[in-house]
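J.: If you scroll down you'll find the structure; I have some questions about it.
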Amino acid sequence: MAVLLAARHLIDRTRHPRGRADALLQLRTRLEKLPSTRGVAPERVSLARRLGELRQQLTDALRDVRSCAGCALGHPEPYGHWSGGHCCGGETPRVFTDDELAVLKLSGTTSSKLTPPRSDFAGCAFRGPVGCSLEPGDRPPLCVRFVCMELERELRQRGDLPKIRALQRELSETFARLTRRDV
């Protein structure tokens, strides 16, 4: 696997800025080093599947929001590099914590699914000018459940906040159960 990751890194270095290529190599290496998902308890698999469903539901529920389109305007780099996605300006290793990666691997995320956008590098390796390049099921639960104050106001005005809060709560509780060491 190390040879494949090294070859992928060389390809990434020709397609992407060096910082993004290096962040991808580090992330993919961490993911591949995690234990195999073979023999995982059925309850953990069920929780991982439910977490995937919740990530998709939250993403769908937030799809038509407007506050995210301009939230980064006027902020320093890398946050303000594009008009939207201020919360996506964080460094890749801080977003993809060990627990987040373990949950993603358990739910079927592989290093080959970690595909970045072809764009400038500004914050997370998967952040591009039109948003995240990852499918909702391959995004860390943190990214899917985060709601800033501006977005919260919009959701409250639309009447969607209770529904979003319920999904966030279930996602957080499911994530916590899944990352407990005794499950």
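J.: Set Lys and Arg Cβ to +1 and Asp and Glu Cβ to -1, take the dipole of the chain about its Cα centre, and tell me which of 124, 36, 102 lies farthest positive.
T.: Result: 36, furthest along the dipole toward the positive end.
J.: Turning to a different aspect of this structure: When all C-alpha to C-alpha distances in segment 98-164 are sorted into bins of 10 Å, what percent of pairs does each bin hold, rounded to whole numbers?
T.: With 10 Å bins starting at 0, P(r) equals 18, 39, 32, 11.
J.: Could you tell me which of rounded, prolate or oblate describes the chain, using a ≥ b ≥ c as the square roots of the eigenvalues of the alpha-carbon gyration tensor, with rounded for a/c under 1.5 and, failing that, prolate when a/b is larger than b/c and oblate otherwise?
T.: Oblate is the answer for the chain, as a/c is 1.5 or above yet b/c matches or exceeds a/b.
J.: How large is the charge dipole for segment 108-183, taken about the Cα centre, if only the Cβ atoms of Lys, Arg (+1) and Asp, Glu (-1) carry charge, to the nearest 20 debye?
T.: 160
J.: Also: Given a 1.4 Å probe and heavy atoms of the protein chains only, how would you sort 18, 44, largest accessible area at the top?
T.: I get 18, 44, largest accessible area first.
J.: Ranked from the most accessible area to the least, with a 1.4 Å probe and all protein chains present, what is the order of 105, 113, 33, 163?
T.: 33, 163, 113, 105
J.: Let me ask you something else. Express the accessible area of the chain per residue in Å², computed with a 1.4 Å probe while the remaining protein chains stay in the model.
T.: Here the per-residue accessible area is 56 Å².
J.: Compare 116, 78, 136 in a GNM of the chain, Cα atoms joined below 10 Å, and give the one with the largest fluctuation.
T.: Residue with maximal mean-square fluctuation among 116, 78, 136: 78.
J.: If you don't mind, there's one more thing I want to ask. Give a residue-ordered list of calculated ³J(HN,Hα) values for segment 86-92 (Karplus: 6.51 cos²θ - 1.76 cosθ + 1.60, θ = phi - 60°; whole Hz; x for Gly, Pro).
T.: Once rounded to whole Hz, the list reads 3, 5, 8, x, x, 6, 3.
J.: HN-Hα J couplings of segment 20-34 from phi, Karplus 6.51/-1.76/1.60, θ = phi - 60°, integer Hz, Gly and Pro as x?
T.: The phi angles translate into 5, 4, 5, 5, 5, 4, 4, 5, 4, 5, 4, 5, 5, 6, 5 Hz.
J.: Give the calculated FRET efficiency between residue 91 and residue 120 to the nearest 0.05, with a Förster radius of 25 Å applied to their Cβ-Cβ distance.
T.: The formula returns an efficiency of 0.95 here.
J.: Give me the percent of the accessible area of segment 104-169 that comes from carbon and sulfur atoms, probe 1.4 Å, all protein chains in place.
T.: Ligands and nucleic acids excluded, carbon and sulfur reach 54 percent.
The values are calculated or read from the model by the stated rules, or taken from the named source; none is laboratory data. The model shown is predicted, which means the values in this text are computed figures rather than measured ones. A quick note on method: Cβ atoms are made from the backbone with ideal geometry, for glycine too, and the neighbour counts reach across all protein chains shown. For accessibility, only protein heavy atoms count, side chains too; no ligands or nucleic acids. Shrake-Rupley method; radii C 1.70, N 1.55, O 1.52, S 1.80 Å.
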